[in-house]
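Written below as structure tokens is the structure these notes are about.
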Amino acid sequence: MYLSSTDFIGISLDSFDQELNTEKRTELERDVFAPKLFRKNAEIVISKLEKYLADSSIRGLALTNPYELLQAAKDLMTEEHECIASLDEEKLGEIIDLYIKTGIQVHSPGYMGRQFSGVIPLAGVIDFISSIVNQPSSFYEAGQLPNVVERIMADELNRFIGWEPERFAMVTTSGATLGNLTALLAARNDKFPQIWSEGISGVEGQYRPAIAISEDAHYSVCRAVGILGIGEKQIVRLPINREKQICIEKVRPTLLAAEERGLKVFCLVASAGTTSVGAFDQIEELAEIAKEKNLWLHIDGAHGASLLVCDQLRYKLKGIEKADSFVWDAHKMMFLPAVCTLLFYKNKEKSYGAFRQNASYVFEKEPDLYTEFDSAQQNFECTKRPLIMNLWVLWALYGKALFADKIEYLCQLTEQAYRILKDEPDFQTLHQPEANILCFRYLPSNLYEREFPDFQVAIRNRLREAGKFFISKVDIDGIGALRVVFMNHQIDTDHFRMLLSEIRKTGQELLTKQKI
Ligand SMILES: *Cc1c(COP(=O)(O)O)cnc(C)c1O
């Protein structure tokens, strides 16, 4: 039997009328939305987090079998009730414990593995405000302070770039992956304006649009090329040198060869801090080539752009003001909770070129005082977290030194760790560190690499399982290596030496086991 639409409406309205009783409303107010309960819940959370932050023991990750964790999580769920279950505080506590315990322990000196950081606790507290007041920030009317503050932070950070005020733009995005995509979209639309409406087949002539990137570019750049419809086959790989930087001498010949293959390179992507080793491409030289060939120069500074705030390290990004765009992850070396990415454009006009859409329900035909502060025309997200708030509050209260001092400490520590490795004959260094990333191999004299080709990866995995140190792995020149990323200022050289002895112990155990 089919219900006509009027029947359907009739039925639902009837049942709605019956269910609209004040008893349910009271119940909601009493148990879920009550401000007093909010305080009580928050206090439980805060006291647990305080303990977590106070624990300075060396611990990496307690890797759990996902099926066991699945069951443990299910066991914490209240059985389905007809009405709203009353709050079980004990369960709430257990859920928080499980959440904390199963994470990588980012605040411990045992965490040396990834680029997300132990956070500045106040940033977490501000993030908590964002979750309660819920001010999505793509539109000024929904997120007034976040949109104003974005302008303040843009100007504050431009002190280290040096662009003309009012001429540049800064947009926040949910991660550098999205930031890279957005910048490359702006680049594509700038150089091939017809693609937005006509699609890639609308490009006239025999040339195929192409993008030149470093051999060591982050995978998000290749992913963006796929999404943009450029096609991965149209990626021109720029060879890298021993320092893992784009080899400047080879850029022009590589671009020329691409042209001869019928490619029209319109954009060059370089890195300020590669993910693998933290190498900085030579922006100044690349900018010269980009200018000569009329290319959009984008810098993926997800990891390394934070060095801009340090007087002693800023030189690594020399020439950044010549880039057309660059991304900067504040959730990496600015020690904020994930995510907060800043995307800068030299030319403000071009920041509006990434997305060209009209939606009458949100976009005004005639901008006014308020809509002028909307960011939705420049960012992909519609509902978006007020990403800038954590950064701004810390910056406003403590100033740039909070970030600069920690970054400088971490880069110095990495340099010292490198020197320690150099003095250890059973360890091989692979690069001079440029930032806070260091890759190396453990190569004891009783190792025959051919017999144990994935020795480094095996060490890393075993260390992870042991749960004390969390480090990562990376392929360097096609061969596995160990990788540490120092994100925690509580780490000192003693911790690093401790890590090395764990690596030795683990490595020797693996070799003994292999022989049996
Ligand atoms: C981390 C990283 C990315 C990806 O950024 P997300 O914020 O994780 O999306 C891109 N490029 C580089 C160089 C990175 O280090």
For the stretch 136-399, with +1 on Lys and Arg beta carbons and -1 on Asp and Glu, the positive-most of Gly179, Val277, Val265 along the dipole: Val277
The stretch 207-314 - share of DSSP beta bridges that are antiparallel (%, nearest 5): 10 percent
Carbon and sulfur %, accessible surface of the stretch 136-399 computed with the full protein complex present, 1.4 Å: 49 percent
Backbone HN-Hα couplings from phi across the stretch 108-122 [Karplus 6.51/-1.76/1.60, Hz, Gly and Pro as x]: 8, x, x, 8, 9, x, 10, 8, 7, 10, x, 8, 5, x, 4
Residues with amide H under 5 Å from that of Ile240, placed H, sequence gap 5 or more: Glu215, Cys247
Hz values of 3J(HN,Hα) by residue in the stretch 327-344 - Karplus curve (6.51, -1.76, 1.60), Gly and Pro given as x: 10, 8, 8, 7, 7, 9, 7, 9, 6, 9, x, 5, 10, 7, 10, 10, 10, 9
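Determine the percent antiparallel among the DSSP beta bridges restricted to the chain, to the nearest 5.
55 percent
Out of the GluC sites (Glu not before Pro) in the stretch 211-262, which ones are loop residues according to DSSP with at most 13 other C-beta atoms within 10 Å?
Glu215
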Cβ-defined net charge surrounding Leu313, 14 Å radius [Lys, Arg +1; Asp, Glu -1]: 0
Neighbour cut-off at most 10 other Cβ (10 Å), DSSP loop, GluC sites (Glu not before Pro), the stretch 64-166: Glu79, Glu80, Glu82, Glu166
Accessible heavy-atom area order of Val457, Val133, highest first, probe of 1.4 Å: Val133, Val457
Of Lys291/Lys322; Lys91/Lys468; Lys40/Lys91; Lys250/Lys291; Lys48/Lys91; Lys332/Lys400, pairs whose Cα-Cα distance is over 20 Å: Lys91/Lys468
Rounded accessible area per residue of the chain, 1.4 Å, Å²: 53 Å²
Simple label model, 7 Å out from Cα along Cβ direction - Arg504 to Lys318, nm: 4.0 nm
Sparsely packed trypsin sites (Lys or Arg not before Pro) within the stretch 222-290, loop by DSSP, other Cβ within 10 Å at most 14: Arg242, Arg261
Principal axes of the stretch 136-399: Cα extent on each, largest first, Å: 51, 47, 30
Environment charge of Gln144, counting only residues whose C-beta is closer than 13 Å and scoring Lys/Arg +1, Asp/Glu -1: -3
Pairs from Lys74/Lys101; Lys51/Lys101; Lys36/Lys384 whose Cα-Cα separation, in the structure shown, is over 19 Å: Lys36/Lys384
Heavy-atom SASA rank of Cys267, Cys83 (probe 1.4 Å, accessible area, largest first): Cys83, Cys267
Nonlocal amide H pairs with His489, under 5 Å, H built at 1.01 Å: none
Karplus-derived 3J(HN,Hα), 6.51/-1.76/1.60, for each residue of the stretch 256-270, Hz, glycine and proline x: 5, 4, 5, 4, 5, 7, x, 9, 10, 6, 10, 8, 10, 10, 10
Largest-first principal axis extents, alpha carbons of the stretch 243-383, Å: 51, 42, 22
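The values are calculated or read from the model by the stated rules, or taken from the named source; none is laboratory data. Remember, predicted model here, so these are calculated numbers, not experimental data. Ideal geometry is used to build each Cβ from the backbone, glycine not excepted, and the neighbour counts take in all protein chains shown. To get the accessible areas, we keep the full protein, side chains included, count just its heavy atoms, and leave off ligands, DNA and RNA. Shrake-Rupley method; radii C 1.70, N 1.55, O 1.52, S 1.80 Å.
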